[in-house]
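To start, the structure under review is shown below, and the notes come after it.
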Amino acid sequence: MESINENVHLSAGQEIVAQIHQVADQFHLVSLKRQISVCEGLFKGKPLIDVAILGQFKAGKSSFINSLIGRPILPVGVIPVTTVITRLRYGTTERAIITYFDGTTTDVPLEDLGNFISEAENPGNAKDVDIVDIELPALERYPGLRLVDTPGLGSVFAYHKDVSENWLPEVGAAILAISADRPLSEHDLGLIQDLARYTPRIVILLTKADLLTPEQQEEVVRFFRQTLLRRLGREYAVFLYSTRMDTDTLRQRIQTSLLDELSGNRDQEFASIIEHKIQSLLRQCLGYLDIAMQTSLRADQDRESLRQQIINEKTSYDRIREEITAIVRDCQRQTRLLIMKHLNGLRKSLTEKITEQLSVDMHSWEGNLWKLTRRYEAWIAETIEDEIRRISASENKHFYGTLTKAHMSLTRYLEAFRMMLNDNLHKVLGMRLAEAEWKIDVIDPGKPDIKVSQSFDIHWDLIWFLIPMRVFRGVFERYFLKQIPWEVEVNLSRLASQWEESINKAMDSMRSQALGYIKDEIATIDALVSKSGGTTDEITQLITALNGYVTT
């Protein structure tokens, strides 16, 4: 079958994914199911193409983006600066949106960005910023694109490296910034190999070119191109860049060769990204089938030994369960504190609102103490229920911080587990599996209930006929008003408790899902290693069929 490109209908890609789906079902390749689902989703929507600028810290990534914008929007400095992922796209008006781990967002002035994205102002991302989005009219030249500034991969701050590497699967196109005054490192080569799994569009940007003479620049560019071709078997475009010398000319070259092409041919470029993702899935499926082929060719008596070499004590399910449980429990212990911290900020205004409303409504109530008490109890129950449900619906976005952190931690753990399994496979069979794209589904907690306490500890309302209301009505009205702070406190605490229970149940569900992924991955390898005997011909036919879809 021809490769999937702009001249081939999406149905061709769907057919390939459908066949991979059948193979995954037949050979119990459960760890492919998530990626199959992702590929199936690629046939829908029209998202922006993320152009990521990556590289070692102090490679000039933020300076390059500032040059494209024409203004120093992103902070630069003599120490590692960028601490969170920052995305820039075209917008009719200038704005910066900060999104936190708990899902809340806030707009900030552009001049305050450093408070959120720089290491100096937000060390180790102590402010729990998930991502920063910037909209600028200056990027009108690039509709359909989004520039992404990432923390330096070689920073002394481990958090920076984790943030950038965890974001790699999102890359649509990549600009790898490397300082021209240092040699091409093994880390650079490894990063390019990682990027090649996610995008067909990678260019090298040699920054600080002003440190070299023209002769040295030509020599360095030639060296990079030759080394990349020799080591990675592929040619990559290499561009010089400097903020101090010929900046406009050098910038224009990469704008014309990459950014303008991506923006001007957005649909074709996005189609190639879809093809690339499907090809990655194909290679991973073929990797599994290669394992099945290797084990099918071995004698049955060798299979158990082979299995034990791949699935060893480091992949002990009991140990993994303890570690994942510890991750979840640590997040769960913080849930109530996070929720109450936000709700306590609402307590005063809610108390004042209900007190003022009761003061107005209560004056129109008529009758004896029994009737007044029943009216108050019905009123406070209805009012508290309305207000608490309103807060639950409008403020729950502030409650998800620990849920988000648990999701991120479990995702990183699963990626580390797969890397360990890959190492074992490489040692035993001389092969590796393509990296999986993991996703933990977050389950929204349900709506909470409320509870209103009785009006009196002693039932004064039962002896209403002994209490002259003309004399004591004011006393009882003041008493009812004094109950409001208590009712608010109790029900906000109850709301926090119910959300805590729901969110922690969601985390327990994520824990179960993560353990399920681990079980499925082990089961996949176990099935391939232990049950492949006698299927060599069938596996050969499947590999031949799937190889027919692989493009060069």
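The values are calculated or read from the model by the stated rules, or taken from the named source; none is laboratory data. Values in this document were obtained by computation on a predicted structure and should not be read as measured data. Cβ coordinates were reconstructed from backbone atoms using ideal geometry, including for glycine residues, and neighbour counts include every protein chain displayed.
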Practice task
Only residues that are closer than 19 Å to Leu492 by Cα, in contact (Cβ under 8 Å) with a residue 60 or more places away in the chain and basic (Lys, Arg): list them for the range 370-416, please.
Solution key: Arg389, Lys397
Completion exercise
Note on Ile178: of the conditions (1) in a strand (DSSP E or B); (2) at pLDDT below 80, unmet is (2)
Handout entry: Considering residues of the range 186-243 that are aromatic (Phe, Trp, Tyr) and assigned to a helix (DSSP H, G or I) only, the residue nearest to Leu54 (Cα to Cα)
Key = Phe224
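Conditions tested, residue by residue: (1) assigned to a helix (DSSP H, G or I); (2) under 29 Å from the mean Cα position of the chain (by Cα).
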| position | (1), (2) |
| --- | --- |
| Asp330 | yes, yes |
| Ile339 | yes, yes |
| Leu343 | yes, yes |
| Leu350 | yes, no |
| Leu358 | yes, no |
| Gly367 | no, no |
| Ala378 | yes, no |
| Ile384 | yes, no |
Completion exercise
When Ser409 is run through (1) more than 30 Å from Gln294 (Cβ to Cβ); (2) surrounded by fewer than 17 Cβ atoms within 10 Å (Cβ to Cβ), the failure sits at (2)
Exercise for the section: Return the residue satisfying two criteria in turn: it lies in the range 352-361 and is in contact with a helix residue (DSSP H, G or I) (Cβ under 7 Å, 6 or more places away or on another chain) and among the aliphatic types (A, V, I, L, M), and of such residues it is surrounded by the fewest Cβ atoms within 10 Å (Cβ to Cβ). Expected result: Leu358
Handout entry: Tally of residues being touching a residue at least 40 places away in the same chain (Cβ under 8 Å) and either in a loop (DSSP other than H, G, I, E, B) or buried (at least 16 other Cβ atoms within 10 Å of the Cβ) (or both) across the range 95-130
Key = 14
Practice task
Could you check, for the range 263-273, whether at least one of its residues is under 28 Å from Met419 (Cβ atoms) and not hydroxyl-bearing (Ser, Thr, Tyr)?
Solution key: yes
Exercise for the section: Please indicate, with yes or no, whether at least one residue in the range 131-149 is buried (at least 17 other Cβ atoms within 10 Å of the Cβ), more than 15 Å from the chain's Cα centre (by Cα), modelled with pLDDT of 80 or more and part of a helix (DSSP H, G or I). Expected result: yes
Problem - Within the range 244-288, tally of residues that are outside any helix (DSSP H, G or I) and farther than 30 Å from Asn547 by Cβ - result: 3
Handout entry: Members of the range 362-383 found to be buried (at least 18 other Cβ atoms within 10 Å of the Cβ) and either in contact with a Leu (Cβ under 6 Å, 6 or more places away or on another chain) or modelled with pLDDT under 85 (or both), listed by number
Key = Leu369, Leu372, Thr373, Tyr376, Ile380
Handout entry: Condition met for Asn344 (loosely packed, with under 14 Cβ neighbours inside 10 Å and at pLDDT below 80)
Key = no
Handout entry: Residue ID - modelled with the highest pLDDT, chosen from residues in the range 479-528 that are of a type in the set (Val, Ile, Thr) and within 30 Å of the chain's Cα centre (by Cα)
Key = Ile503
Fill in the blank from the handout: Going through the range 212-252 in order, the residues found to be closer than 21 Å to Arg71 by Cβ and either acidic (Asp, Glu) or surrounded by 12 or more Cβ atoms within 10 Å (Cβ to Cβ) (or both) are Tyr241, Ser242, Thr243, Met245, Asp246, Thr247, Asp248, Leu250, Arg251, Gln252
Exercise for the section: Among the residues of the range 49-94, write down those that are surrounded by fewer than 18 Cβ atoms within 10 Å (Cβ to Cβ), modelled with pLDDT of 80 or more and in a loop (DSSP other than H, G, I, E, B). Expected result: Gly70, Arg71, Pro72, Gly91, Thr92, Thr93, Glu94
Exercise for the section: Could you please let me know if Leu462 is at pLDDT 85 or above and of a type outside the set (S, T, N, Q)? Expected result: no
